[in-house]
Amino acid sequence: MLTIALSKGKLIESALDLFRRAGYETAGLSGESRRLVFVCEEIGMTFLIVRPSDVPTYVEYGGADAGIVGKDVLLEQDSDVYEPLDLGFGACRISVAALKGEGLRDRLSSKIRVATKYPKITERFFNQRGLPVEIIKLYGSIELAPVVGLADRIVDLVETGSTLKAHDLVEVDVIAQSTARLIVNRASLRLKHEPLMELIRRLRAVLATQESVPGNGRPSAARKGKKKAARV
């Protein structure tokens, strides 16, 4: 049996649809269920439904053989896992945002206060630019921080930008693009090589079919690339 960790929330339905199209029937498994463990003996898989931030931990330490999680989580945690496939769905970007009109304000003389749930990504980004930063860790409603004067900037996940716009915020830089990724435990890749390689082969075949259909709209981080950096 392979054990697969799936992220709760936005990614789960797309992940289940991908498995079904790859020939892995997951009857009874739904993102709406309160169950956390689904045993699918007919396909030789057990699915764990866990928080997105926990998926790399389960995979890295062997609680799961493979998992599906956003690239943003992988960048933040820097987990020691094998990442064979960009699955394309769940496309968004990790962005720096500020109140409209303040995106170009010079703060080189003092620390820039940044609110985020991505402290490691944020610290790396500003350090690479030689900008002093004070990070304020928040777990939700990040966009409120500049509005109430808690922070000068935020670093958050952006999909359409509508939430930023609703709070009079604008993107001033894009740190990275993020899509769902398949990750694999390195030991499992040796011990369960055949079923894992079969899984990778089937998922890759589905993705290749999608990419061959004109106008399917499947986002690709490789095609998109990183946006040109703007001044922070």
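Just so you know, all these numbers are worked out from the coordinates, no wet-lab data involved. What you see is a predicted model, and the numbers here were worked out from it, not measured in a lab. Cβ atoms come from the backbone with ideal geometry, glycine included; neighbour counts cover every protein chain shown.
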- [ ] Determine the gain in length on full extension of the stretch residue 198-residue 120; use 0.36 nm per residue of separation and subtract their C-alpha separation, reporting nm with one decimal.
- [x] 24.6 nm
Task: Peptides ranked, highest mean first, by Cβ atoms within 10 Å: ranges 142-148, 41-47 - done: 142-148, 41-47
TODO: Given the peptides 69-75, 157-163, arrange them by the average over their residues of other C-beta atoms within 10 Å, most packed first.
DONE: 69-75, 157-163
- [ ] Just order 174-182, 77-85, 124-132 by mean Cβ neighbour count inside 10 Å, highest at the front, would you?
- [x] 174-182, 77-85, 124-132
TODO: Sum -39500 (n - 2.57) across every DSSP H segment of at least 4 residues in the chain, then divide by the residue count to get the 222 nm mean residue ellipticity, nearest 500.
DONE: -8500 deg cm²/dmol
- [ ] Please give the length that would be gained between residue 134 and residue 13 if that part of the chain were fully extended, namely 0.36 nm times their separation in residues minus their C-alpha to C-alpha distance (nm, one decimal).
- [x] 39.9 nm
- [ ] Once you have all Cα-Cα distances for the chain, histogram them in 10 Å bins from zero and send the whole-percent values.
- [x] 7, 30, 30, 21, 10, 2, 0
Open item on the list: Let me check I have the definition right: for the range 108-198, take the eigenvalues of the Cα gyration tensor, multiply each by 5, take square roots. What are those semi-axes in whole Å, largest first?
Closed with: 35, 17, 11
Open item on the list: Please list, in order along the range 26-43, the HN-Hα scalar couplings obtained from phi with the Karplus expression 6.51 cos²θ - 1.76 cosθ + 1.60 (θ = phi - 60°), rounded to whole Hz, x for Gly and Pro.
Closed with: 10, 4, x, 8, 8, x, 7, 6, 8, 5, 9, 10, 10, 9, 10, 4, 5, 10
Task: Folded to 0 to 90 degrees: helix 119-128 orientation relative to the chain principal axis, Cα - done: 60 degrees
- [ ] Would you please give the FRET efficiency between residue 42 and residue 191, computed as 1/(1 + (r/R0)^6) with r the Cβ-Cβ distance and R0 = 22 Å, to the nearest 0.05?
- [x] 0.50
Open item on the list: Report the Cα centroid-to-centroid distance between the range 124-141 and the range 168-200 in angstrom, as an integer.
Closed with: 24 Å
Task: Spin-label model distance (nm) - residue 176 vs residue 163, 7 Å beyond Cα toward Cβ - done: 1.9 nm
Task: Rounded tilt (10° steps) of 12-21 against the dominant C-alpha axis of the chain - done: 40 degrees
Task: Ranked list, fewest to most other Cβ atoms within 10 Å of each Cβ, for 95, 110 - done: 110, 95
Task: Between helix 193-212 and the chain: long-axis angle, C-alpha atoms, 0 to 90°, nearest 10 - done: 60 degrees
Task: Net charge of neighbours whose Cβ lies under 12 Å from the Cβ of residue 56, counting Lys and Arg as +1 and Asp and Glu as -1 - done: -4
